[in-house]
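Trainee: To start, I am sharing the structure in question, which I have written as structure tokens.
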Amino acid sequence: MKTHKNWHDEHVDALGFGSRLADSVAKGMGSWRFIIIQTVLVVLWMALNLVGYMYHWDVYPFILLNLVFSTQAAYAAPIIMMAQNRQNDRDRMQAQADYQTNLDAKQEIEALAIKLNQLEVDKLDKIIKLMEEMKMHAAK
């Protein structure tokens, strides 16, 4: 059985590797799971560097940690913006599909209204014809 793809499926199929990767990264970074994991890692990083007896790889004021965050932000911002641009494209496609559906439904409703009106006119014509026949038979 062949299934018909909707606009969303066609859009997803048209995405390249980079677009899919950017969407996945943006989805991951915009989650509570990411925030919680990152918070735990930062607290561990700071704790190990504050209380570590042997080796401090990033002593207070955590310059390396700041560099890591700056690098993360430098890459995250454009990736998230790419994902937002694709979301805008999806929203436009959705709006166009909704508009076309509404337009098709309007045309079908108008056609049905015309058909119903014609049926009413036909019924009235038949009733008038029957009444005229009854009037002619009563006159005889």
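Trainee: Within the set of pairs 6 or more residues apart or between chains, which connect a residue that is touching a residue at least 12 places away in the same chain (Cβ under 8 Å) inside segment 38-55 to a residue that is hydroxyl-bearing (Ser, Thr, Tyr) with Cβ atoms less than 8 Å apart?
Mentor: Asn49/Tyr60
For every residue, the table says whether it meets (1) within 19 Å of the chain's Cα centre (by Cα); (2) of a type outside the set (D, E, K, R); (3) at pLDDT below 90.
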position	(1), (2), (3)
Leu15	yes, yes, yes
Ser24	yes, yes, yes
Val42	no, yes, no
His56	no, yes, yes
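Trainee: Condition first: β-branched (Val, Ile, Thr) and either within 21 Å of the chain's Cα centre (by Cα) or surrounded by 13 or more Cβ atoms within 10 Å (Cβ to Cβ) (or both). Can you find one or more residues in segment 44-51 that meet it?
Mentor: no
Trainee: Given the residues Ala83, Ala77, Ala138, Ala105, which is the only one that is among the small types (Gly, Ala, Ser), in a helix (DSSP H, G or I) and in contact (Cβ under 8 Å) with a residue 60 or more places away in the chain?
Mentor: Just one listed residue meets the conditions, Ala83.
The values are calculated or read from the model by the stated rules, or taken from the named source; none is laboratory data. Nothing here was measured: the structure is a model prediction, and the numbers come from that model. Cβ: placed from backbone, ideal geometry, glycine included. Neighbour counts: every protein chain shown.
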